[in-house]
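Undergrad: This is the structure, below, for whatever I ask next.
The values are calculated or read from the model by the stated rules, or taken from the named source; none is laboratory data. The shown structure was predicted, so the numbers you read here are calculated from the model rather than taken from an experiment. With ideal geometry, Cβ positions are generated from the backbone for all residues, glycine too; neighbour counts draw on all protein chains shown. Just so you know, the surface numbers come from the protein's heavy atoms only, side chains and all, with ligands and any DNA or RNA stripped out. Shrake-Rupley method; radii C 1.70, N 1.55, O 1.52, S 1.80 Å.
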Amino acid sequence: MIKVITYGTFDLFHEGHYRLLQRAKALGDYLIVGVTTEVYDKARGKLNVVDSLMTRIENVKKTGFADEVIIEEELGQKVNDIKKFHIDIFTVGSDWVGSFDYLKNYCKVVYLERTKNISSTMLREQNSHIQRIGIIGTGRIAERFIPEARLVSGVSTQGVYNPHEESAKRFAHKWEINAYTDMEEFYRAVDVVYIASPHETHYGYIRSALEHDKHVLCEKPMVLKKAQAEELFELARKREKVLFEGIKTAYCPGFHKLLGVAGSGTVGAIRNIEACFTKLEKADSRELTDPVYGGSFLELGSYVMLPILKLFGKSFEDIRFDSIRGENGLDLFTRISLKYPMGVATATCGLGVKSEGRLLIAGTKGYIVVEAPWWKTTYFEAHYENPGEIGLKFPKI
Ligand code: C2G
């Protein structure tokens, strides 16, 4: 008897899950399905799981493909399960290619091709909340988006649009999604558009996506003109669509916790904020050569300004920019000094100067320090007058 095992969250059960289980069962005679617990999903960084463990198990059972359902509760369990249940084949969808090769020491590992299209008809029938995402652009950031998106429940990356057919196809092939060169066809296949195209194209794509009634997530800088941002947000409001800029720190759970702790008087009244983010770039990089969108402030300014604007607000009395510029006039390093009625702040960013990327929030009773990379906040500490005393420690989330 050939025993097969597969694992998954199986949240908002859809045809991708169904087809995976069907083919997993066909690989052998007996199929064991491991369904992840909420705690394990949280630990492995899976966000936004909607259905309870019971519902997810029920949905797997309903398919009739599973001979046995088990619970996956911790890292390292797969190896033990494979030994315990005398498994011959471990299988999982091809979005995980390579990730489970270490199991080849214990059994055969088969990656089954992921389902590219979650059909809208099926979603409507199930009244499902899965959002089908389409990507515009095929550059570096788009490449990073896909593996991250698979850790978010309730979304399915369906396809990519690029007017250059070859780029669209190359990208789509690599990530096993559909390639589109026809804008209308692309819009018909998706509910949400993620824009990762060159900056100067953002405005046009956002407008057209909203006009096609799509939600929009756009890489920063969304646009450079306040009037354009206002116009687009107004359009999104009218169309009842979500439009937001991809400043990851603003949506990072650790950063939220930090804002909550800092804003609750943990270090007294906040009087000084210092935020620094530097990232060395090559002289011929887009970041250091694009005459309109290049430079340190436009590249990194939104990060360093974020904790300041979140904690002190927008009503500063004075703001001053000091920059070191390269030969082409773009800023290699910029320091922004802000003065508020009851505090001061400094935001520092650089593409051509390296510094320590830390965030410091100083108050009347103590200070909070978040070491680099504070823009992906996972850990911070509060310190008080006595240098030996660490008042508060926040562990990795
Ligand atoms: N899947 C698929 N096609 C899709 C979506 C998912 O073939 N369009 C597959 C996944 O590759 C996985 C299974 O369906 O094999 C369950 O997917 P998820 O519920 O998203 O679970 P996942 O996070 O992939 O769990 O230990 C957990 C496993 O390692 C993977």
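Undergrad: So what is the relative contact order for the range 26-77, in percent, with contacts set as C-alpha pairs under 8 Å and at least six apart?
TA: Contact order relative to length: 58 percent.
Undergrad: Also: So who's got an amide H within less than 5 Å of the one on residue 112, skipping anything under 5 residues away but keeping other chains? H placed 1.01 Å off N, in plane.
TA: Those lying under 5 Å, H to H, from residue 112 are 92, 93, 94.
Undergrad: Once the other residues with Cβ under 15 Å from the Cβ of residue 313 are scored (Lys, Arg +1; Asp, Glu -1), what is the net sum?
TA: Every neighbour counted, the sum reads +2.
Undergrad: Counting pairs of Cα atoms in the range 46-91, how many percent are more than 11 Å apart?
TA: 76 percent
Undergrad: I need the P(r) histogram for the range 1-129: all alpha carbon pairs, bin width 10 Å from 0 out to the longest distance, whole percents.
TA: Distribution as computed: 12, 45, 36, 6, 0 percent.
Undergrad: Give, as a single signed number, the net charge of other residues whose beta carbon lies under 11 Å from the beta carbon of residue 134, with Lys and Arg counted +1 and Asp and Glu -1.
TA: Cβ neighbours under 11 Å give a net charge of +1.
Undergrad: Of 76, 350, 45, which is the most mobile in a GNM of the chain whose springs link Cα atoms less than 10 angstrom apart?
TA: 76
Undergrad: What pairs in 314/376; 42/84; 25/169; 108/169; 42/238 have C-alpha atoms more than 27 Å from each other?
TA: 25/169; 108/169; 42/238
Undergrad: When averaged across all projection directions, what area in nm² does the alpha-carbon convex hull of the chain cover?
TA: 23.1 nm²
Undergrad: Loop only per DSSP, at most 15 neighbouring Cβ atoms within 10 Å: give me the GluC sites (Glu not before Pro) in the range 250-335, ordered by residue number.
TA: Answer by residue number: 317, 327.
Undergrad: Using alpha-carbon pairs under 8 Å, 6+ residues apart, how would you state the relative contact order of the chain in percent?
TA: Value for the chain: 10 percent.
Undergrad: Run the dipole for the range 200-357 about the Cα centre, Lys and Arg Cβ at +1, Asp and Glu Cβ at -1, nothing else charged, and hand back the magnitude in debye, nearest 20.
TA: For this selection, approximately 480 debye.
Undergrad: Something else about it: Run the numbers on the range 180-226 and let me know its relative contact order in percent, using alpha-carbon pairs under 8 Å that are six or more apart.
TA: With pairs under 8 Å counted, the relative contact order is 41 percent.
Undergrad: Taking only protein heavy atoms and a 1.4 Å probe, what accessible area per residue, in Å², does the range 228-355 have with all protein chains in place?
TA: About 51 Å² of surface per residue is accessible.
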